[in-house]
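**Student:** My structure is below; once you've seen it, I'll send some questions.
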Amino acid sequence: VKLSSEVPSGVNVLVDRPMISTVIRNLIFNAIKFSHRGGQVLVSAMHQGQFARVCVRDEGIGMDSSFMSRVFSIDKTARQTGTEGEKGTGMGLILCRELVEKHGGQIWLESESGKGTEVCFTLPAG
């Protein structure tokens with residue numbers, strides 16, 4: 001899986017670095033886990049008013065709307081096996097949401113089964 005970034009210089013945020021590093025790391029690991037061999041994961045960032053928007057997009061297996069509605073809740077059925085049989089706890093996105101919201105941001109995702117997933121979040125710009 002190829003990992004790329006599109007983060008222009010000058011995109012700064014006011015955050016607890018270890019917390020947001022955990023968020024970004026989890027989102028990248030998820031994107032890789034659900035990508036096919038030879039796929040691509042893109043990390044991007046941009047300013048949006050008083051916030052910065054960060055997105056992690058993959059070209060992987062995606063998810064249907066029913067599954068998407070459960071990914072931010074503690075639900076044992078909200079687990080999906082990775083493309084190489086990897087398993088998860090189902091807690092990663094819940095933790096990401098908590099850490100992003102503690103910074104005054106929001107997190108959301110867009111996905112379509114078979115067409116990949118994009119997870120975006122906002123943080124206060126610095």
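**Student:** What are the residue pairs meeting all of these: first residue in region 49-68, first residue part of a helix (DSSP H, G or I), second residue surrounded by fewer than 17 Cβ atoms within 10 Å (Cβ to Cβ) and modelled with pLDDT of 90 or more, Cβ atoms under 9 Å, and 6 or more apart or on different chains?
**Tutor:** As it stands, the answer is 65/112; 65/113; 67/113; 68/110, since those pairs meet every condition given.
**Student:** Consider region 14-32. How many of its residues are modelled with pLDDT under 95 and more than 12 Å from the chain's Cα centre (by Cα)?
**Tutor:** Summing the residues that are modelled with pLDDT under 95 and more than 12 Å from the chain's Cα centre (by Cα) in region 14-32 gives 1.
**Student:** Here's another thing I want to ask about it. Please count how many residues of region 108-126 are in contact (Cβ under 8 Å) with a residue 24 or more places away in the chain and touching a strand residue (DSSP E or B) at 6+ places or on another chain (Cβ under 7 Å).
**Tutor:** 13
**Student:** Looking only at region 17-58, filter to residues that are small (Gly, Ala, Ser) and on the phi < 0 side of the Ramachandran plot; which one of those is most open to solvent (accessible area, probe 1.4 Å)?
**Tutor:** 21
**Student:** OK, next. What number of residues in region 10-62 are within 16 Å of residue 95 (Cα to Cα) and among the aromatic types (Phe, Trp, Tyr)?
**Tutor:** Qualifying residue count for the region: 1.
**Student:** Something else now. Conditions: (1) at pLDDT below 95; (2) open to solvent by 50 Å² or more (accessible area, probe 1.4 Å); (3) over 22 Å from residue 106 (Cα atoms); (4) not polar (S, T, N, Q). Residue 82 meets all but one. Number of the miss?
**Tutor:** (2) is the only condition that residue 82 fails.
**Student:** Of 100, 41, which residue is touching a residue at least 24 places away in the same chain (Cβ under 8 Å) and in a helix (DSSP H, G or I)?
**Tutor:** From the options 100, 41, the qualifying one is 100.
The values are calculated or read from the model by the stated rules, or taken from the named source; none is laboratory data. As the structure is a computational prediction, the values presented were derived from the model and not from experiment. For neighbour counting, all protein chains shown are included, and Cβ atoms are generated from backbone atoms with ideal geometry for every residue, glycine included. Heads up: the accessible areas ignore ligands, DNA and RNA and are worked out on the full protein's heavy atoms, side chains in. Shrake-Rupley method; radii C 1.70, N 1.55, O 1.52, S 1.80 Å.
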